[in-house]
Amino acid sequence: MSLVVTGALLDGREVGVRVDDGVIADVGPDVISLGDDAVIDGRGTAVVPGMVNAHTHAAMTLFRSFGDDLPLMTWLRTKIWPAEAKLEPADVYWGTRLACIEMIRSGTTRFVDMYWHPAEAARAVADAGLRAILAAPLFDSGEPAAKRALEEDALRSLAELAPFAHAGRVVAALAPHAVYTVSPGSLEWIGATAAEHDVGVHTHLAETRKEVDDCVAATGMRPCELLDRCGLLGPKTVVAHGCWLEADELDLLAERGTTVATAPVSNMKLAVGRQFPYGEASAAGVPLGLGTDGSSSNNSLDMFSDVKVFALAQKFAADDPALLPAAEALAVARGQRSSWLGGSSVTIGAPADFVLVRVGSPEVVPGDLDANLVYAANGSVVDTTVVAGKVLMTGRHIDGVDDVLDEARGRAARLTR
Ligand SMILES: [Zn+2]
């Protein structure tokens with residue numbers, strides 16, 4: 001059975017969209033529904049590509065608003081790490097389900113995640129219907145026992161994610177947390193293992209000046225160069241933040257085809273001191289994405305909110321209102337400026353990952369839709385979310401929301417007690 005969306009606007013004209021086997025089979029003014037099609041009446045909406053959240057820690061929804069307004073290390077040491085010590089695998093399942101609901105409601109169709117118990121996150125993604133690149137965060141102190149434990153954790157995570165990866169919507173990766181929490185020896189092992197298993201890499205990079213200074217003091221190299229020496233920079237790598245990257249590092253990332261996921265809301269909330277140098281990165285040809293970061297450092301997963309902050313923060317930092325026009329900011333947020341992020345488009349042959357936004361919502365009337373989606377709207381304009389041809393929300397209704405909210409509330413209360 002096909003799914004057909006009728007009467008939606010695409011680039012200003014009314015079209016139908018036919019979906020077969022999770023792929024857009026046809027799109028255009030002549031596409032109509034036939035007898036046994038499942039039909040979504042798209043009148044009053046525009047069909048647009050879904051958002052791709054390029055950096056998050058989904059299950060941290062359970063820690064939303066837990067320890068706000070604290071310096072980073074105080075927050076980690078006194079709040080997050082003690083709470084995470086109590087984390088059970090099922091907490092990650094329900095925290096990720098909560099995150100998926102928030103993402104579906106705000107038009108995100110795919111996300112890049114780094115969190116504990118990734119097989120539970122995979123189960124949640126499978127049940128929720130989204131797509132995700134998933135990985136366990138890897139840490140070690142450089143001690144031989146810690147290095148062995150990291151290797152076991154990494155291999156176990158790949159084995160646990162493999163069955164979900166075979167099912168199609170989940171992609172496995174390895175996620176060394178950062179250069180300041182993983183020893184160079186382990187970074188090298190992760191680089192070789194990612195290559196051997198042909199999986200992606202997801203890490204934090206150049207988030208703070210201290211990270212850069214400490215890395216130079218310890219290794220004589222800046223973090224980007226260290227990652228490259230360890231074989232971690234390639235076209236299947238996503239590095240989050242990148243606030244303190246310099247011009248030669250941007251050239252290196254462009255050469256390697258490595259994606260930078262900028263996370264401006266998290267960076268400003270944690271006051272890291274500098275915006276990601278978007279203008280220079282874009283000019284250098286670095287693949288780019290936009291991430292929210294986790295719910296405890298944002299505290300929202302609404303990419304429509306973050307794309308506005310992204311555009312405004314970049315204009316402000318560069319003293320240039322012409323930098324990063326709305327359509328380009330949307331392309332970054334939709335994952336269309338990185339082949340690894342797999343941003344979709346509403347075209348024949350593309351994966352059926354799209355959303356319908358209500359064009360009658362007051363905040364998108366009147367004017368240019370792209371500009372309104374960036375500067376005026378938030379995720380509440382999303383009416384319908386479709387991933388791999390499956391309708392995850394329509395009329396803003398998602399099945400089973402109350403059960404997820406109840407479970408998440410109870411688990412968050414236990415963890416943050
Ligand atoms: Zn992060």
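Annotation for the stretch 390-410: no member residue is within 14 Å of VAL48 (Cα to Cα) and either within 17 Å of the chain's Cα centre (by Cα) or in a strand (DSSP E or B) (or both).
When ASP228 is evaluated against the numbered criteria (1) touching a Lys or Arg at 6+ places or on another chain (Cβ under 8 Å); (2) free of Cβ contacts under 8 Å to residues at least 60 places away in the same chain; (3) within 16 Å of the ligand (Cβ to nearest atom), which criterion, by number, is the only one it fails? ASP228 satisfies all of (1) touching a Lys or Arg at 6+ places or on another chain (Cβ under 8 Å); (2) free of Cβ contacts under 8 Å to residues at least 60 places away in the same chain; (3) within 16 Å of the ligand (Cβ to nearest atom) except (3). Restricting attention to the stretch 250-272 and to residues that are of a type in the set (A, V, I, L, M, F, W, C) and assigned to a helix (DSSP H, G or I), the residue that is nearest to the ligand (Cβ to nearest atom) turns out to be VAL265. If you go through the stretch 279-322 and keep only what is within 22 Å of SER339 (Cα to Cα) and in a helix (DSSP H, G or I), you end up with GLY279, GLU280, ALA281, SER282, ALA283, ALA284, MET303, PHE304, ASP306, VAL307, PHE310, ALA311. Candidates VAL355, VAL374: the one that is touching a residue at least 12 places away in the same chain (Cβ under 8 Å) and not in a helix (DSSP H, G or I) is VAL355.
Residue-level analysis places PHE111 outside the set of residues that are more than 18 Å from ALA173 (Cβ to Cβ) and touching a helix residue (DSSP H, G or I) at 6+ places or on another chain (Cβ under 7 Å). Residues that are away from the ligand (no atom under 16 Å from the Cβ), acidic (Asp, Glu) and in contact (Cβ under 8 Å) with a residue 12 or more places away in the chain within the stretch 293-325 comprise ASP302, ASP320, listed in sequence order. Say whether the condition of being hydroxyl-bearing (Ser, Thr, Tyr) and in contact with a Lys or Arg (Cβ under 6 Å, 6 or more places away or on another chain) is met by at least one residue in the stretch 264-287. Scanning the stretch 264-287 turns up no residue that is hydroxyl-bearing (Ser, Thr, Tyr) and in contact with a Lys or Arg (Cβ under 6 Å, 6 or more places away or on another chain).
Rundown of residues vs (1) within 30 Å of ALA408 (Cα to Cα); (2) aromatic (Phe, Trp, Tyr); (3) in contact with a Cys (Cβ under 9 Å, 6 or more places away or on another chain), yes/no style:
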{"site": "VAL260", "(1), (2), (3)": "no, no, no"}
{"site": "ARG274", "(1), (2), (3)": "no, no, yes"}
{"site": "SER282", "(1), (2), (3)": "no, no, no"}
{"site": "GLY291", "(1), (2), (3)": "yes, no, no"}
{"site": "ALA313", "(1), (2), (3)": "no, no, no"}
{"site": "ALA317", "(1), (2), (3)": "no, no, no"}
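Does the stretch 359-368 contain at least one residue that is of a type in the set (Ser, Thr, Tyr), over 20 Å from the mean Cα position of the chain (by Cα) and either more than 16 Å from the ligand (Cβ to nearest atom) or within 24 Å of PRO235 (Cα to Cα) (or both)? Yes, the stretch 359-368 has at least one match. Taking the criterion of being within 22 Å of the chain's Cα centre (by Cα) and outside any helix (DSSP H, G or I), the residues of the stretch 183-225 that qualify are ASP198, VAL199, GLY200, VAL201, HIS202, THR203, HIS204, LEU205, ALA206, GLU207, THR208.
Being of a type in the set (A, V, I, L, M, F, W, C), surrounded by fewer than 17 Cβ atoms within 10 Å (Cβ to Cβ), more than 28 Å from LYS210 (Cβ to Cβ) and within 22 Å of the chain's Cα centre (by Cα) is true of VAL23. Candidates ALA165, ALA159, ALA178: the one that is modelled with pLDDT of 95 or more and not in a loop (DSSP other than H, G, I, E, B) is ALA159. Look at (1) part of a loop (DSSP other than H, G, I, E, B); (2) free of Cβ contacts under 8 Å to residues at least 40 places away in the same chain; (3) not basic (Lys, Arg) and you find that ALA331 fails only one, number (1). Take the conditions (1) within 16 Å of the ligand (Cβ to nearest atom); (2) surrounded by fewer than 23 Cβ atoms within 10 Å (Cβ to Cβ); VAL238 misses just one of them, which is (2). If you go through the stretch 231-272 and keep only what is at pLDDT below 95 and on the phi > 0 side of the Ramachandran plot, you end up with just ALA271.
The values are calculated or read from the model by the stated rules, or taken from the named source; none is laboratory data. This one's a predicted model, so the numbers in the text were calculated from it and none came from an experiment. Neighbour counts are summed over all protein chains in view; Cβ atoms, including those assigned to glycine, are modelled from backbone coordinates with ideal geometry.
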